[in-house]
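The values are calculated or read from the model by the stated rules, or taken from the named source; none is laboratory data. All values derive from a computational prediction rather than experimental measurement. Positions of Cβ are generated from backbone atoms using ideal geometry, with glycine treated the same way; all protein chains shown enter the neighbour counts. These accessible areas exclude ligands, DNA and RNA; they are computed on the full protein's heavy atoms, side chains included. Shrake-Rupley method; radii C 1.70, N 1.55, O 1.52, S 1.80 Å.
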Amino acid sequence: MKNWLYKIYPNRYFLLFIMLFAYVQSIYSRISVREEINAYTFTPDGALFSLFEAGVLFIITLYFIKIWQKSDVFSTKEMLKIFGSSLITHPLVMQIIGLVIALIFNKIERNFNLETFTYTTFTFFLNGFIYGSFFIAYYYHNKNKNHQQQLTNYHQALSESRINQLKTQLNPHFLFNNLNVLDQLIEEDKHKASEFLNEFADIYRYVLKASDKKLVPLDEELAFAEQYFKLIQHKYGLAYQLKIESSASGYIVPLTMQLLIENAIQHNFGSKENPVHIKIETTDTICISNNFIPKRSSKPTSGRALQNINEQYKLLTQKPIEIKNSDAEFAVIIPIIKLQ
């Protein structure tokens, strides 16, 4: 009993629609035939028989679906085959049921003369077409909705898997670059190296924490960017300068700003006399920009950091990142993600 209730409950609105339609159809038929309205017109026996007939039709249709439906993808050919077979089989099954009832009550001559047989067969066929259309439309609508949900879940799982892969690439990248800085500081200034190591430990805790998240609050990422830049100043001093102007809230992909700050340092030569000014400005979007001071001899770079960020934003939002590059300035514009 519980299994039946479990199956019926999700389809309750469809079944209620069938019940109401059968009842209205019964009233309409009686008014059309008798051309009068009385208490008998509204009795539910005709509607109950129509519900029984519809139930038989649904069972027949589900039987053919089980036999001929080969995949979860909607197929017009399969649907027409199932619908047509149900239309033919339904009047036959109903006539067999009627014959059994007629034999029990000894009503063969009354219920199975040529005129009555022709009329009931046509009625069963017409009802089969009406209720069968309802059922097929409802069944394939639900099937398509479930299939779309499965695709959505699949793509979401795929996106999350891809994001995790991209983050896995970023963590070693972050660690490797900062260990290189630490190695240089150890040779130059052991005291600075010790301070750098302590600050780096605090920052790396954030990196590990953020790695488990698809998005982090914008204010947290800005605080992390500011803290990360202090590490940079251990090595470069005032050769690189950071300015943050924030007037927005929302969410951002973790480590985005750290990567873009690192990108600005990697591609530009700053000095105390001619520093590289890195600016982070948040309004409706996030703009990370810097004046362009190219290094005299620089190794070709893969651009993996920007590509990595771009891929993550493609997976999380339909708004892509925008890159503006001129002789004087390089800027990356990133959308702020709003959670609903």
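Taking the range 240-252 as the range and being touching a helix residue (DSSP H, G or I) at 6+ places or on another chain (Cβ under 6 Å), within 21 Å of Glu311 (Cβ to Cβ) and either assigned to a loop (DSSP other than H, G, I, E, B) or open to solvent by 30 Å² or more (accessible area, probe 1.4 Å) (or both) as the test, only Gly250 passes. Working carefully through the options Glu78, Glu35, find the one that is of a type in the set (Asp, Glu) and at pLDDT 85 or above. Result: Glu78 is the single residue among Glu78, Glu35 that is of a type in the set (Asp, Glu) and at pLDDT 85 or above.
Residue count for the range 77-107 under the criterion of being of a type in the set (A, V, I, L, M, F, W, C), over 22 Å from Gly55 (Cβ atoms) and open to solvent by less than 60 Å² (accessible area, probe 1.4 Å): the result is 0. With the condition kept exactly as written, say whether any residue in the range 36-43 is surrounded by 17 or more Cβ atoms within 10 Å (Cβ to Cβ) and either assigned to a helix (DSSP H, G or I) or at negative phi (or both). Taking every residue of the range 36-43 in turn, none turns out to be surrounded by 17 or more Cβ atoms within 10 Å (Cβ to Cβ) and either assigned to a helix (DSSP H, G or I) or at negative phi (or both).
Taken as a whole, the condition of being of a type outside the set (A, V, I, L, M) and more than 20 Å from Ile136 (Cα to Cα) does not apply to Ser50. There is at least one residue in the range 19-29 that is under 38 Å from the mean Cα position of the chain (by Cα), in contact (Cβ under 8 Å) with a residue 60 or more places away in the chain and within 23 Å of Tyr138 (Cβ to Cβ). Can we say Asn198 is over 36 Å from the mean Cα position of the chain (by Cα) and part of a helix (DSSP H, G or I)? Spelling it out, Asn198 is indeed over 36 Å from the mean Cα position of the chain (by Cα) and part of a helix (DSSP H, G or I). Cβ-Cβ distances below 8 Å connect the following pairs, each with a first residue in the range 207-233 that is closer than 28 Å to Ser194 by Cα and open to solvent by 60 Å² or more (accessible area, probe 1.4 Å), a second residue that is in a helix (DSSP H, G or I) and hydrophobic (A, V, I, L, M, F, W, C), and a separation of six or more residues or different chains: Gln227/Ile203. Being out of contact with any Cys (no Cβ under 8 Å at 6 or more places or on another chain), closer than 20 Å to Leu182 by Cα and in a loop (DSSP other than H, G, I, E, B) holds for only one residue in Gly237, Gly270, and it is Gly270.
Residue by residue, here is whether (1) charged (D, E, K, R); (2) over 27 Å from Leu16 (Cα atoms); (3) part of a helix (DSSP H, G or I) holds:
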{"position": "Leu99", "(1), (2), (3)": "no, yes, yes"}
{"position": "Thr121", "(1), (2), (3)": "no, no, yes"}
{"position": "Phe125", "(1), (2), (3)": "no, no, yes"}
{"position": "Gly128", "(1), (2), (3)": "no, no, yes"}
{"position": "Phe134", "(1), (2), (3)": "no, no, yes"}
{"position": "Lys145", "(1), (2), (3)": "yes, no, yes"}
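Scanning the range 205-227 for residues that are at pLDDT 85 or above, out of contact with any Asp or Glu (no Cβ under 8 Å at 6 or more places or on another chain) and assigned to a helix (DSSP H, G or I) yields Leu218, Asp219, Glu220, Glu221, Leu222, Ala223, Phe224, Ala225, Glu226. The requirement of being surrounded by 12 or more Cβ atoms within 10 Å (Cβ to Cβ) and modelled with pLDDT under 85 is satisfied by Asn111.
Here is a yes/no grid of residues against (1) under 15 Å from Phe135 (Cα atoms); (2) loosely packed, with under 12 Cβ neighbours inside 10 Å; (3) of a type in the set (Ser, Thr, Tyr):
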| position | (1), (2), (3) |
| --- | --- |
| Ser32 | no, yes, yes |
| Leu48 | no, no, no |
| Phe52 | yes, no, no |
| Gly55 | yes, no, no |
| Thr61 | yes, no, yes |
| Trp68 | no, no, no |
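With the condition kept exactly as written, say whether any residue in the range 253-275 is surrounded by 16 or more Cβ atoms within 10 Å (Cβ to Cβ), more than 30 Å from Ile186 (Cα to Cα), modelled with pLDDT under 90 and β-branched (Val, Ile, Thr). There is at least one residue in the range 253-275 that is surrounded by 16 or more Cβ atoms within 10 Å (Cβ to Cβ), more than 30 Å from Ile186 (Cα to Cα), modelled with pLDDT under 90 and β-branched (Val, Ile, Thr). With respect to the conditions (1) in contact with a Lys or Arg (Cβ under 6 Å, 6 or more places away or on another chain); (2) part of a strand (DSSP E or B); (3) open to solvent by 30 Å² or more (accessible area, probe 1.4 Å), Phe330 falls short on a single one, namely (1).
When Tyr139, Tyr119 are checked against the criterion of being open to solvent by 80 Å² or more (accessible area, probe 1.4 Å), out of contact with any Leu (no Cβ under 6 Å at 6 or more places or on another chain) and at pLDDT 85 or above, Tyr119 stands alone in meeting it.
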